[in-house]
Amino acid sequence: MTATLIVLALIMGGLVFWLIRQTINVQPWAEEGPVGQDHAGGAYSVPAAKIGLIVFLGVATSLFSLFASAYFQRMEFGDWRPVAEPGVLWFNTALLVLGSVFFQRARNAAVRSQANGVKINLLIAGMLTFAFIGGQLWAWKGLQEAGHFLSGNPANSFFYVLTAIHALHILGGLWVWSQTIFKLQNKVEVYKVRTSVELCTIYWHFLLLVWVGLFALLLST
């Protein structure tokens, strides 16, 4: 089991690193359109929204790290009874990976000012993400049918809390996603939503990385 987790972590970590690098490591002067460019000929400035997202991701990382630390500490007590993770979580993980991939495709299309490519890839990414949320609810249903309720034992509580907090972060991202889709439906020029698409992409890569960490944590115990 340990060797399997290590291999899984390496594969998923490599995938997420590549996706994030493809999104962040961009030459802004090579992009089309006026977004983020200093028209006076000065240095390129980072949008305030991106700085805000980076700060938020730092806070979210601290939050999930604290929960992981509490998880390890609590499992040392004698009343801890591990929960058999539902098999659907593997399918859900694949959905989140694909969602992140399609967000990356949407971001690449936005850089090339391809409106249809942005819209199609965003819609697919959104549908995959909604399917992930549905899959998580299905996992909860399966646990409850097996008698593993929130108050059953500390391991149950942590499973529900960790997956719920992650899902709430995803729902928050879907709000921004929906606003971007709405703008594209109203024929807004691609360059006006490029920053939103890029921020959504970075956020989804982050949530994928967090989920991989949480899933590995749950599997290991």
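The values are calculated or read from the model by the stated rules, or taken from the named source; none is laboratory data. Note that the structure is predicted; figures quoted are calculated from it, not measured. We place every Cβ from the backbone using ideal geometry, glycine too, and count neighbours over all the protein chains shown. In case anyone asks, the SASA skips ligands and DNA or RNA and just uses the protein heavy atoms, side chains included. Shrake-Rupley method; radii C 1.70, N 1.55, O 1.52, S 1.80 Å.
Table for the structure above
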read-out: Residues that are free of Cβ contacts under 8 Å to residues at least 12 places away in the same chain and either open to solvent by less than 70 Å² (accessible area, probe 1.4 Å) or under 23 Å from the mean Cα position of the chain (by Cα) (or both), drawn from the range 133-145; value: Gly134, Leu137, Lys141
read-out: Of all residues making up the range 151-192, the number that are closer than 18 Å to Leu219 by Cα and either acidic (Asp, Glu) or open to solvent by 40 Å² or more (accessible area, probe 1.4 Å) (or both); value: 1
read-out: Complete set of residues in the range 114-132 that are over 21 Å from Gly172 (Cα atoms) and in contact (Cβ under 8 Å) with a residue 60 or more places away in the chain; value: Gln114, Ala115
read-out: Residue ID - modelled with the highest pLDDT, chosen from residues in the range 76-112 that are in contact with a Ser or Thr (Cβ under 6 Å, 6 or more places away or on another chain) and under 28 Å from Gln144 (Cα atoms); value: Gly99
read-out: Tally, over the range 179-221, of residues that are under 30 Å from Ala155 (Cα atoms) and not in a helix (DSSP H, G or I); value: 1
